[in-house]
Amino acid sequence: MMNNNNSEYVIEVENLIVQYGTRRVLDNISFKVKKGEIFVILGGSGCGKSTLLRTLVGLIRPHSGKILMFGKDVTTIRVQEQIKLLKRIGMCFQNSALFNSMTVGENVALPLKEHTHLADSTIDIMTQIKLDLVGLGGCSNLYPSQLSGGMKKRAGIARAMALDPEIIFYDEPSSGLDPIVAAGLDHLIRKMQNTFNLTSVVVTHDLESVQIIADRVCLLHAGKIVAIGDLKEMELNSNSYLRQFFTRTPNPEENQSTSAILDSLEDM
Amino acid sequence: MIVSFLGKIGQIFLNGVHSALVVCVLIMDTLNWLFLQPLLGRGLRWRSAIEHFVEYGFRSIPIVGLISLLVGIIMGMQSAYTLQQWGATIFMANLVGISALRELAPLMSAILITGRSGSAITAEIGTMKVSEEVDALMVMGLNPVKFLVVPKFIGMVIAVPCVTVLSMAIMIAGGFIVAVGILGIDFWAYFDQTANALVSKDLFSGIVKSIFFGLTICWVGIYRGFQVEGSAESVGKMTTSSVVTSIFTIIVVDLIWTALFYFTE
């Protein structure tokens, strides 16, 4: 804690630029995430939102710009410092990324085994608590391949929660799930944030889950931030891409070419 | 046209330099996590290393053993065919023994283990990369080299020489079968001939080769595994490429060591 101003924000991104070769994927991104809020990064397919998340956790090295996490610059951090920092964050991957060669219980126990000096019996108990937390209490001895999509995501959350992180990142938590399971997951994310005062960063394109979970939203389009603010501010914003996104309107030109073909087929 | 041709050559050269650099970094990283980091108290995953040793070594014994026996018999018959013309069939003991120890056993074992386990290493790491498991390790602050590479490395570098020594013995036994069973040479005469023909340097050169074959299989497999990008198709492509690259590199390494042993006779 350096001073009050800094401790309010746990993540501060300044002028972030990410390039693959010469193709600019993220262009001059700046935003701040407050402690204890659910910050949603919203955007269409291929807008760079997954790239942004992967850059935040240090999997992609940015071309330029700053990412301050707990006041430390992730982009220039040393390895030992980075490991300390990584212990304070958790990440849930899009396809859950559970280790297929280990049981669900072993997956959750792995960070505890590697980063703490706790006795095996303690680790067993903690693993069980984390699994109970996400509603997978009886699945400790199953392998990831024996779980359904929604259960895998829950197990992924349990693993991300293993070290009691302060920030948790979710990559597309509701993708590929039916509405009921997806809604269940949204409530789980909310509950986690309420219970543990967890800061959450969620990447999604699912408008319905945004309505449930988002404290603040940032909308990305073609690597740039279109709008940023809470849901009310989003309602009032008149940006055309934002309106199109929130009202689920297709692009007119794509629509014209396909409908021309469909019309001609109808005429036949 | 000439420009594009030269450009192509330059591109191939640059790609070669790039992959050589990547392999060097991988080798340095492996050695770092194998020797330096455990001394600094960061531990080694012994249990995983032993599991890999059992998988690469112990489980490959049936197939390597069978093929070694067949190759031994073939070698016996081929050398008998030539040596019969001078009535010197007893010297097939020298031929089979020396070629098994110095060349065939290390090479056959290495090639079989490449097909069996080198491909498996690439496929495993590749699949883990596609399903973001490697990323998950990194986000947890766990080093993929420590977790995925070093246990495989230890398992492979110990397994290949062990299997090779076994393969040497079985190949010589194959020669025995031909000599004693088909040609009717006295068992003890053949035994003495074999024992006199072989010197410890033959065994030594075979084992040295096999250690380097183990290193090659492991590093090529891992390098190709980490090259996988994106899709399941890429896993298949890299697995094929891993086997081809590995066998090619093994032959080159074999040539280098054979030349070294030849000129330092």
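Values quoted throughout were computed directly from the atomic coordinates according to the rules given, and no laboratory measurement underlies them. These numbers come from a predicted model, not from an experiment. Neighbour counts run over all protein chains shown; Cβ positions are idealised from the backbone, glycine included.
DSSP beta bridges confined to the protein assembly as shown are antiparallel in about 50 percent of cases.
Can you bin the protein assembly as shown into rounded, prolate or oblate? Criterion: square roots of the alpha carbon gyration tensor eigenvalues sorted a ≥ b ≥ c, rounded for a/c under 1.5, prolate for a/b above b/c, oblate for the rest. Because a/c hits 1.5 or more and a/b exceeds b/c, the protein assembly as shown counts as prolate.
Here the protein assembly as shown is treated with +1 on each Lys and Arg Cβ and -1 on each Asp and Glu Cβ, and its dipole about the Cα centre works out to around 1060 debye.
Sorted on the mean count of surrounding Cβ atoms within 10 Å across their residues, most packed first, peptides B:61-68, A:202-209 read A:202-209, B:61-68. Averaging 1/r over each pair of different alpha-carbon atoms in region B:42-95 and inverting the result gives 14.1 Å, the Kirkwood hydrodynamic radius.
Name the shape class, rounded, prolate or oblate, that the alpha-carbon gyration tensor gives for region B:61-208, where a ≥ b ≥ c are the square roots of its eigenvalues, rounded holds for a/c under 1.5, and otherwise prolate holds if a/b is larger than b/c and oblate otherwise. Prolate. Taking every residue in B:138-150 and counting other chain Cβ atoms within 10 Å of its Cβ, the average works out to 5. Using the Stokes-Einstein relation with a Kirkwood hydrodynamic radius computed over Cα pairs, the translational diffusion coefficient of region B:167-260 at 25 °C and a viscosity of 0.890 mPa s comes to 150 µm²/s. Of all aspartates and glutamates in the structure, those lying under 16 Å Cα to Cα from residue A:72, and not within fewer than 8 positions of it along the same chain, are A:8, A:12, A:14, A:81, A:166. Remark on residue A:166: its backbone amide H falls under 5 Å from those of A:89, a criterion applied only to residues 5 or more positions apart or on other chains, H modelled at 1.01 Å from N.
Relative to the compact-globule scaling 2.2 N^0.38 Å, provide the ratio for the alpha-carbon radius of gyration of region A:1-75. Numbers along the way, then the final one.
Details: Rg = 12.7 Å, N = 75, 2.2 N^0.38 = 11.3 Å.
Here the Cα radius of gyration is 1.12 times the empirical estimate.
What is the calculated FRET efficiency for residue A:178 to residue B:81, with r their C-beta to C-beta distance and R₀ = 60 Å, to the nearest 0.05? After rounding to 0.05, the efficiency reads 0.25. Remark: chain A is approximated by an ellipsoid whose semi-axes, taken from the C-alpha gyration tensor as √(5λ), come to 34, 25, 17 Å, largest first. For residue B:203 and residue A:264, a Förster radius of 60 Å and the Cβ-Cβ distance give a FRET efficiency of 0.15, rounded to the nearest 0.05.
Projecting the Cα atoms of B:258, B:198, B:219 onto the charge dipole of region B:165-263, computed from C-beta unit charges around the Cα centre, puts B:219 farthest toward the positive end. Across 10 Å bins from 0, what is the distribution of all Cα-Cα pair distances for region B:183-224, in whole percents? That works out to 23, 26, 23, 18, 10, 0, in percent per bin.
Taking a straight Cα-Cα cut-off under 15 Å and skipping sequence neighbours fewer than 8 places away in the same chain, the aspartates and glutamates within cross-link reach of residue B:129 are B:229, B:233. Per-residue shielding of A:94-107, expressed as the average number of other chain Cβ atoms within 10 Å of the residue Cβ, stands at 3.
Remark: spin-label model distance residue B:191-residue B:26 equals 4.7 nm, labels positioned 7 Å along the Cα→Cβ axis.
Which of B:114, B:139, B:101 sits farthest toward the positive end of the charge dipole of region B:96-140, with +1 on the Cβ of Lys and Arg and -1 on the Cβ of Asp and Glu? Value: B:101.
Classify chain B: rounded, prolate or oblate, from the alpha-carbon gyration tensor (a ≥ b ≥ c, eigenvalue square roots; a/c under 1.5 rounded; otherwise prolate if a/b is larger than b/c)?
prolate
Rg/Rh for region B:1-144 stands at 1.16; both radii use Cα atoms, and Rh follows the Kirkwood definition. Calculated FRET efficiency, residue A:101 and residue B:88, Cβ-Cβ r, R0 60 Å, to nearest 0.05? So the FRET efficiency works out to roughly 0.60. Shielding value for A:55-63 is 1, the average number of Cβ atoms from other chains within 10 Å of each residue's Cβ.
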